[in-house]
1. Show that you can apply the helix-only estimate: for the chain, add -39,500 (n - 2.57) for every DSSP H stretch of four or more residues, divide by all residues, and state [θ] at 222 nm to the nearest 500.
2. Place a +1 charge on the Cβ of each Lys and Arg in the chain and a -1 charge on the Cβ of each Asp and Glu, then give the dipole magnitude about the Cα centre in debye, rounded to the nearest 20.
3. The stretch 1-81: which trypsin sites (Lys or Arg not before Pro) are DSSP loop and have at most 16 other beta-carbon atoms within 10 angstrom?
4. Would you mind calculating the relative contact order of the chain from Cα pairs under 8 angstrom and at least 6 residues apart, reporting the percent as a whole number?
5. Ranked from the most accessible area to the least, with a 1.4 Å probe and all protein chains present, what is the order of PHE34, PHE90?
6. When the gyration tensor of the chain is built from Cα positions, what are the square roots of 5 times its three eigenvalues, in whole Å, from largest to smallest?
7. Over the chain, with a Gaussian network built from C-alpha contacts below 10 Å, which listed residue (ALA98, ALA69, ALA86) shows the highest mean-square fluctuation?
Amino acid sequence: MTGADERPGVVGMHAVAVAQQTYSLTNGGEYGTFQQLTDGGLLDARYGGSKPVKDYVLTMNVIPKSSGAPEGSYTCNADPDNQGTAGRHFYIDSTSTAIHVNATQPATAQDPTAP
């Protein structure tokens, strides 16, 4: 897969990062699920489906803030779909807007950031 084919995955991750930052600022440090982000108008309706961006499946994990903590957290992965699409895997989380990338498996915070 070429870099141009990965663009939907990267753009989707940027959209999620911006939506989560905005959601957290307006919701007392909590982060939102895809449904909450689309209901709040921070992401368009595509993100309510199983494959919001071309050739990638996005998965979100939201952890509510614990008692006394200033905020919750989230992680989001964009992985090539299972229909024979090759390509890199992407990851973002609430600690940074940097996108991490892995060529062979779902990316994590330990993987290098995308250039």
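1. Details: 2 runs with 30 residues, N = 115.
It lands at -8500 deg cm²/dmol.
2. 60
3. The qualifying sites are LYS54, LYS65.
4. The value is 22 percent.
5. Numbers: PHE34 35, PHE90 0 Å².
Accessible-area ranking of PHE34, PHE90, largest first: PHE34, PHE90.
6. Over the Cα atoms of the chain, the ellipsoid semi-axes are 24, 16, 11 Å.
7. Judging by the Gaussian network model, the answer is ALA69.
The values are calculated or read from the model by the stated rules, or taken from the named source; none is laboratory data. Nothing here was measured: the structure is a model prediction, and the numbers come from that model. Note: ideal-geometry Cβ built from the backbone for every residue, glycine included; neighbour counts use all protein chains shown. The accessibility values were calculated without ligands, DNA or RNA, using every heavy atom of the protein model including side chains. Shrake-Rupley method; radii C 1.70, N 1.55, O 1.52, S 1.80 Å.
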